[in-house]
Every structure is written in structure tokens, then in C-alpha cells.
Amino acid sequence: MVIKGFCLLVTIASVQVFAQQLPYKNKSLSPEQRAKDLLPRMNLDEKVMQLQCLWIQKSTILDANGQFDSAKAEKAIKNGLGELARLNENAGPNSYGYHPKQAAQLYNSIQRFFINKTRLGIPVMVHEESLHGQQTQDATNFPIPIALASTWNENLMTDIFSNVAQEVRARGGQHVLAPVVDVTRDPRWGRTEETLGEDPYLISRLAVAQIKAYQGSNTPYLGKYNVATTLKHFGIHGQSEGGLNVSPSNIDERTAREVFFQPFKAAIQQANAMSVMATYNELWGLPAHINKYLLTNILRKEWKFKGLVVSDYFAVRDVSTLHKVTPSYDEAGLLAFKAGIDLETPDPDGFKNLKQLVADKKISFQELDERVMRILITKFRLGLFDDPYVDDNKAEDIVGSKEKRAVAYKAATEGMVLLKNDNNFLPLDRSKVKKIAFIGPNADKCLLGGYSSKPRICVSPLAALREKYGNDIEILYAEGVTITDKNNWFADTIKLADRSANDKKIAEAVAVASQADVVVLFIGGSESTSREGWGPEHLGDLPTLELLNGQQELIKAITATGKPTCAFINSGPPLSINDLVNSVPAVMQCWYLGQEGGYAIVDALFGEVNPSGKLPITFPRTAGHIPAYYNYKPSARRGYNVGFEVSPLFAFGHGLSYTTFSYSNLRLSAASMKTNGTVTVSVDVKNTGNRKGGEVVQMYIRDDYSSVPRPVKELKGFQKIWLEPGQSQTVSFSINPELLSFYDANMKWIVEPGDFTIMVGTSSDKTQSIKLTVGK
């Protein structure tokens with residue numbers, strides 16, 4: 001028995017030594033070398049499973065309590081799996097998901113199965129939603145992306161998304177479905193709030209900062225608390241027919257390349273984003289998921305993208321059910337595979353029978369191996385073969401920590417945009433306010449926006465006011481109106497709340513306002529009014545930008561009292577607020593500011609915070625003014641008949657401060673440059689007020705005459721600076737050939753000699769200009 005035991009130990013030791021010597025186990029080799037060694041060791045079943053994902057079908061590996069069931073897993077995933085989707089959210093009915101330690105423990109138990117129970121020990125990846133914080137229980141919730149874009153602050157993006165990556169990784173995720181880099185040109189679209197606005201340059205700069213924060217130094221192996229990013233949604237998602245989600249995007253290729261594709265290209269070439277998700281929409285006559293010209297010719301051949309291309313949720317199925325290209329899921333899967341999709345999410349539909357498609361020689365072994373290689377390289381880069389587990393004891397301390405709260409608060413303070421402030425109505429002087437009324441449907445709501453869960457802390461403006469000033473100021477409150485029957489982003493059918501009940505609430509609000517020294521209105525939209533419409537049973541787009549369901553009547557009734565009144569607006573898209581702007585002296589656009597939004601709003605109200613946000617999207621006067629984006633062509637915006645104004649209500653880049661800034665001495669380092677040269681433009685900016693403040697200095701360029709029509713102006717530089725009262729700073733921008741280039745009549749990316757107008761200022765409609773001549 002002793003001899004047998006000794007032999008067994010020797011055998012086990014020999015196997016372990018042999019395993020350590022396998023090249024794919026050797027972490028001193030590159031991810032590509034290791035994947036190249038592992039791939040030929042895999043059989044067909046194992047390869048096919050690497051291209052698949054489980055989400056709803058996680059029930060095949062979890063028990064009724066949401067815990068891992070190894071016996072079920074032995075049947076369902078014995079050949080491995082490419083990816084699991086949103087592991088953190090399945091904790092039973094009526095739950096926001098697992099708490100951090102629970103999530104980490106579940107992940108470890110699942111990963112042990114893949115490492116120890118599958119033939120080659122290939123680990124599984126886990127992807128998570130993290131648009132503005134991970135969408136799961138206890139995760140820190142930051143402002144929605146349109147609010148983050150309003151900060152115009154790349155360094156802040158670094159702070160936010162390095163923290164998000166740490167939280168995701170601590171719980172067992174390694175791959176995030178973010179950032180959204182779609183250019184939004186129709187704010188009726190319910191997903192406007194998920195985007196970084198309407199300008200490709202601004203989106204590119206902010207997205208590059210986010211990706212570098214998520215992925216870290218981006219050396220072959222990512223850090224322990226870094227994650228792989230996914231650019232969403234490649235194609236054109238932000239200007240579709242009627243502003244309706246997933247409807248066709250009828251955009252020409254020139255505009256696609258010059259506007260909509262620019263953030264994707266920058267994110268790939270400047271930040272090395274590790275994966276790309278195709279859009280749901282049809283583009284140039286084909287759904288993006290089966291558009292080989294888009295996913296292979298442009299993305300891989302032109303841009304040299306080497307990472308993963310993943311499907312959007314159920315989008316391969318949509319080739320059949322939505323776009324009606326084929327009645328067969330298998331055929332849809334084949335078309336998507338051939339076009340360039342590597343990994344189907346969230347569950348197998350079109351890729352379910354890939355093995356049979358290979359057997360039928362519709363997919364070659366070489367094609368299959370190319371896709372599997374990309375997935376293996378990603379897993380190696382994420383360190384899953386070398387350090388596959390997480391420390392569940394650290395997860396609770398990392399997620400939702402006070403340090404992350406501080407970053408969320410800072411983001412909320414910089415995400416607000418002061419649209420109007422006549423006679424310096426804001427900030428309020430706390431010493432003079434004895435009785436204040438918070439009125440409106442959003443005063444006592446902590447609005448987080450889409451892709452949110454339940455953070456550990458979530459404070460409404462009213463709660464923040466009571467907490468900070470309840471002992472010093474008499475606080476009054478009235479809801480005024482209720483907007484919808486449910487305030488739930490996840491709910492399917494949403495209806496406007498009962499109007500007759502709102503009439504009574506308006507009367508109650510007037511009675512409350514009449515008692516106050518000052519009134520603060522909290523109006524706008526909600527997470528239920530404008531949101532992602534992911535199906536016919538769950539709609540989210542709107543044909544109007546108006547304030548809904550009695551809010552206009554509430555504004556009229558409150559302002560009729562004669563009480564000093566200002567307004568704070570929560571919304572996902574820009575809204576049509578003409579009447580409001582004409583009725584009150586001060587208006588603050590707050591979007592959805594995340595878990596710390598209530599504190600940030602109250603601090604801005606009383607001047608502890610000086611707003612520094614700038615609009616990343618134009619505010620049209622009405623939905624009839626769409627499109628309203630600022631970088632239009634010269635033949636657009638001629639004007640409307642019978643006195644209707646064609647200009648926007650608030651321009652792209654607009655945003656006031658509690659202090660003032662002056663611009664002077666705009667100058668060029670040289671009045672001319674060669675087409676391959678560089679020139680510097682500089683301007684002196686001074687804080688001429690009595691408060692410290694932040695200002696975003698913006699540079700726009702216009703090609704005065706060109707061989708094809710060019711926009712009247714395009715953002716080509718910005719810098720956020722902070723100045724003390726009386727302080728001045730010189731801000732400079734380098735103008736290089738890339739900033740002057742465009743696609744000519746032959747679709748060649750060139751710089752044309754000629755005159756350019758360089759504009760620098762505080763917003764797209766308030767600039768100083770200087771001429772630059774570009775010669776051969």
C-alpha cells in the first residue's frame with residue numbers, strides 16, 4: 001500500500017510538472033504564443049463552446065437559490081464556455097443581485113469548475129454592464145454618461161472608470177460592455193442618456209480616457225483590477241428613423257466615416273479597446289450584424305482591429321425575427337459569423353449549432369480557429385489562466401467605499417450645467433433663506449438613470465437638504481405632479497399618471513409655495529419616460545421633448561404666486577423648456593447625477609459648489625427643430641417661415657458659472673502652415689468674478705472653402721481649467737494636419753490647402769476667431 005501510494009504521488013507530481021511545462025501554462029510567454037499552443041490541443045466541441053455565452057440560460061448551471069450546481073454544469077458546460085453574462089444579477093426574484101462577497105464566492109465556485117473539471121482547464125470570462133458603474137447590488141453609481149460628458153474632464157473619466165474597473169474585478173467580472181461611443185443626433189432616442197453627446201471629437205477624447213482607465217497600461221497582460229472594454233454600438237445607433245431604437249439608420253458613408261465612426265476609430269487606434277459590439281440597426285441596406293463591409297473590411301482590414309467582435313443581446317436572432325432576412329436562426333448565425341461576429345451574446349441562438357455548420361463545411365476549420373484564437377488571447381491577456389480567482393474577503397471593502405463615493409460626488413458636481421442665471425439668482429444666500437419649498441416630481445427622488453441597480457447610498461435633493469440644513473431652514477415640500485404610473489427603468493408598460501390627481505397636487509403645491517421665501521422646482525423626465533426601448537413590449541423612445549403630464553401647468557401655477565423661483569431639471573435627453581426658461585431667472589440641467597446627486601444639487605443651490613459643466617449636446621427648441629446639432633453643413637439652417645426661430649435654445653458647449661471669464665489676445669504662432677506642418681493657437685483666459693471657477697476653453701475650426709461641403713464649425717480642441725478670482729492662464733492648442741483633414745470627393749483622407757477659421761471661446765456660439773492659411 002505504501003508503494004502504491006508513493007507511485008500515485010509521483011504520478012500526480014509528474015502530471016503537475018508536465019502541466020507547468022506546457023507552453024500555454026507558461027506566463028512568461030506572450031498571450032498570442034500561449035493561445036497558439038493551446039488551440040491545436042482543443043477538439044471541435046471545445047472550440048465551438050468558446051464562441052458561446054450564457055445569461056438567461058445560466059439556469060443550466062445554477063440551482064434554485066442561484067448557487068452553482070456542479071452536477072448540472074457537468075452536463076451543460078463539460079466542454080467549457082466562452083463567457084458568462086452578468087453573473088452578479090441573479091440572486092433570486094425581486095432582488096438587485098448578489099452582495100459583493102456573495103458574488104465573489106459564486107464566481108470562484110464557477111471558475112473552479114472550469115479550471116479543475118474541464119479537460120484543458122480553460123477559464124470562463126464574465127461580462128458585466130458598467131455604463132456608469134456596475135449594474136448590480138451595492139456598486140457605486142456615478143452620473144449617467146451624458147452628465148459625465150458635461151464635465152468635459154478627461155482626468156475625471158480616469159478617476160471614475162479606474163474605480164469602476166476595480167469594483168467589477170473584485171466581484172469576478174473581467175469584461176465590461178462599455179463605453180457607449182455612439183454619436184447622438186436625435187434626442188428623441190431613449191438611449192441618448194447612455195451616450196457622450198453629439199460631437200465625435202468630444203466623445204473620442206472622453207472615451208479614450210475611459211478605456212485607458214478600464215484597461216490600465218494595456219501591456220500584453222492587464223492588471224489585476226483592470227478589465228477589457230467593449231465599444232458600443234458599432235455602426236450608426238444615434239440617428240435612426242424617427243429617433244426609434246433599432247430602426248434603420250439612413251446615413252451616407254461619408255457622414256458615417258466623418259462623424260459616427262470617428263469615436264470608434266480613435267478608441268481602437270489610440271486606446272486599444274479590446275472588443276467591439278455591433279449595433280442593432282440596419283446600415284447601408286444590411287443589419288450591422290451581417291454587414292461584412294462594416295465588421296471586416298472597415299473594422300479589421302482598414303483599422304487593423306485585432307480584438308473581439310461581440311453581438312449585442314439577441315441581435316443575431318434579430319436578423320431573423322426583426323430584420324426578416326431569414327426564417328432560420330442557424331442561417332442568421334452563419335451570416336453573422338461570416339460577417340465578423342466572434343461571440344454571440346447573451347445566449348446561444350444563431351451560434352447554437354455552429355458544430356453542425358462546421359460539419360456541413362459552411363464554416364471552415366480555419367475560420368473557426370481564427371475566432372477561437374481571439375477569445376483565447378483575450379482570456380490570456382486578462383490573466384485568467386494565471387490568477388483566475390478573486391479574494392472574496394476584499395470585495396465588500398472595495399465596492400461602494402467612501403473613496404469611491406467621493407469620486408461619485410465630484411462627478412455629480414461637475415456634471416451639472418447652469419443654463420440660465422439672470423441677475424445672479426443662484427446661488428442662494430443661506431443666511432437670507434428662512435423658509436424654502438422644494439416642489440416637483442423629482443424633488444424627493446434619487447434618479448440614477450438606466451443601467452443602474454441599487455447602490456448602498458442614494459440620496460434625493462430633498463433628503464440631502466433636510467440632512468444638511470433641516471435644523472437651520474424650514475423646509476417645505478410638495479410633489480406637484482406625478483409623471484408616470486411607475487418609476488422603474490425595467491418595467492415594461494409605462495403610462496402617464498392620472499391627470500385629475502395631478503390637478504389636485506398642483507393646487508397643494510401652490511399652497512406650499514405661497515408660504516416659502518423661495519421655491520426650487522424639480523422637474524423634467526424620469527427613468528421611465530425616456531429609456532432604452534429593447535422590444536415592442538418595452539418601449540423607450542418619445543416623439544416629443546416637452547415636459548410631460550402637467551408639469552407646464554405646475555410651472556405656470558408656481559410662478560404665478562410671485563415667489564422667487566428657480567428650476568433644476570433631471571432628464572436623460574435635452575428637453576424643450578422654452579416656457580420654463582422664459583418663466584424663471586435660473587435653470588440648472590442636472591441629468592441623472594448618480595447616488596450622490598442629491599448632495600451635489602443642494603451644494604450647488606447654496607454655492608458650496610460652483611457649476612462648471614458644458615452641454616455635450618444641443619438643446620433644440622422643440623422636437624420639430626431636430627436635427628439641431630451644431631456642426632451642420634452650410635446649406636442647412638436657412639431658417640423657418642412666419643417668424644419661427646431656427647437657432648437652438650442652448651448651443652453645444654454652453655454652460656454658465658457663478659463667476660465670469662474673459663478671453664483676450666487670441667493669436668497664432670504663425671499665420672500660415674504647410675499641409676504637413678503644425679501651428680499653435682493661444683488665448684488668455686481670466687477669471688473676472690469673485691469665486692473660484694472652472695471653465696472649458698473650446699477650439700473650433702472651419703474650412704472656409706473646400707472641394708466638398710464641410711461643417712460650419714467642428715470642435716477640434718478643449719481644455720478644462722480652474723482659476724481663482726483675478727487669475728489668468730494662457731491656454732494653447734496645437735493645430736496639426738489631422739485636425740484639418742476630411743474625405744475628399746474620392747473619399748481620400750486629405751488636407752486641402754486654403755484658408756481656415758480658427759475659433760476659440762466659451763461655447764460653440766460664443767467664440768473669437770482668427771484666420772489660418774494652409775499652403776502646399
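The values are calculated or read from the model by the stated rules, or taken from the named source; none is laboratory data. Every value quoted in this text rests on a predicted model; they were computed, and no experiment measured them. So basically every Cβ, Gly included, is an ideal-geometry build from the backbone, and we count neighbours across all protein chains shown. Protein only, heavy atoms only, side chains kept; ligands, DNA and RNA dropped before computing areas. Shrake-Rupley method; radii C 1.70, N 1.55, O 1.52, S 1.80 Å.
State which residue is surrounded by the most Cβ atoms within 10 Å (Cβ to Cβ) when the search covers only the stretch 183-217 and only residues that are part of a loop (DSSP other than H, G, I, E, B) and out of contact with any helix residue (DSSP H, G or I) (no Cβ under 7 Å at 6 or more places or on another chain).
Among those residues, the one meeting the criterion is PRO187.
Quick check: is even one residue across the stretch 117-134 more than 30 Å from SER612 (Cβ to Cβ), open to solvent by 50 Å² or more (accessible area, probe 1.4 Å) and either at pLDDT below 95 or out of contact with any Lys or Arg (no Cβ under 7 Å at 6 or more places or on another chain) (or both)?
Yes.
Hey, among LYS78, LYS47, which residue is among the basic types (Lys, Arg), within 30 Å of ASN218 (Cβ to Cβ) and at pLDDT 95 or above?
LYS47
Taking GLU738 as the residue in question, decide whether it is surrounded by 15 or more Cβ atoms within 10 Å (Cβ to Cβ) and among the acidic types (Asp, Glu).
no
Going residue by residue through the stretch 685-708, is there one that turns out to be acidic (Asp, Glu), more than 27 Å from GLU752 (Cα to Cα), modelled with pLDDT of 95 or more and open to solvent by 10 Å² or more (accessible area, probe 1.4 Å)?
no
So which residues in the stretch 352-384 are of a type outside the set (S, T, N, Q), open to solvent by 10 Å² or more (accessible area, probe 1.4 Å) and out of contact with any helix residue (DSSP H, G or I) (no Cβ under 8 Å at 6 or more places or on another chain)?
ALA359, ASP360, LYS361, GLU370, ARG374, GLY383, listed by residue number.
Could you tell me which numbered condition LYS495 fails, if it satisfies all but one of (1) under 30 Å from HIS625 (Cβ atoms); (2) touching a residue at least 24 places away in the same chain (Cβ under 8 Å); (3) open to solvent by 10 Å² or more (accessible area, probe 1.4 Å)?
The failed condition is (2).
What do you reckon, is LYS352 part of a helix (DSSP H, G or I), more than 25 Å from ILE236 (Cα to Cα), touching a Phe, Trp or Tyr at 6+ places or on another chain (Cβ under 9 Å) and touching a residue at least 12 places away in the same chain (Cβ under 8 Å)?
In short, no.
Just checking, does the stretch 593-616 include any residue being assigned to a helix (DSSP H, G or I), open to solvent by 40 Å² or more (accessible area, probe 1.4 Å), acidic (Asp, Glu) and farther than 30 Å from ASP704 by Cβ?
no
Considering only residues that are within 28 Å of GLU553 (Cα to Cα) and of a type in the set (Phe, Trp, Tyr), look in the stretch 433-486 and name the one that is surrounded by the most Cβ atoms within 10 Å (Cβ to Cβ).
For the stretch 433-486, the residue satisfying everything is PHE438.
One residue is enough: does the stretch 464-475 have a residue meeting the conditions at pLDDT 95 or above, under 30 Å from PRO179 (Cβ atoms) and not β-branched (Val, Ile, Thr)?
Taking every residue of the stretch 464-475 in turn, at least one turns out to be at pLDDT 95 or above, under 30 Å from PRO179 (Cβ atoms) and not β-branched (Val, Ile, Thr).
Do any residues in the stretch 259-279 that are of a type in the set (Ser, Thr, Tyr) have Cβ atoms under 6 Å from those of residues that are open to solvent by 10 Å² or more (accessible area, probe 1.4 Å), where the two are at least six apart or on different chains, and which pairs are they?
SER275/GLY307
Report every pair of residues separated by at least 6 positions or lying on different chains whose Cβ atoms are under 6 Å apart, first residue within the stretch 551-575 and free of Cβ contacts under 8 Å to residues at least 24 places away in the same chain, second assigned to a loop (DSSP other than H, G, I, E, B).
Correct list of pairs: empty, since none qualify.
For the stretch 110-137, enumerate the residues that are touching a Phe, Trp or Tyr at 6+ places or on another chain (Cβ under 6 Å) and either closer than 20 Å to ILE56 by Cβ or assigned to a strand (DSSP E or B) (or both).
ILE110, VAL124, GLU129, LEU131, GLY133, GLN135, GLN137
When ASP387 is evaluated against the numbered criteria (1) open to solvent by 20 Å² or more (accessible area, probe 1.4 Å); (2) over 30 Å from ALA586 (Cα atoms); (3) in contact with a helix residue (DSSP H, G or I) (Cβ under 7 Å, 6 or more places away or on another chain), which criterion, by number, is the only one it fails?
(3)
Which of the residues belonging to the stretch 715-728 are open to solvent by 60 Å² or more (accessible area, probe 1.4 Å) and farther than 13 Å from VAL760 by Cβ?
Matches in the stretch 715-728: TRP722, GLU724, PRO725, GLN727, SER728.
Working only within the stretch 574-585, note down all residues that are open to solvent by 10 Å² or more (accessible area, probe 1.4 Å) and over 17 Å from VAL510 (Cβ atoms).
Residues of the stretch 574-585 open to solvent by 10 Å² or more (accessible area, probe 1.4 Å): 575, 578-579, 581-583, 585.
Matches in the stretch 574-585: LEU575, ASN578, ASP579, VAL581, ASN582, PRO585.
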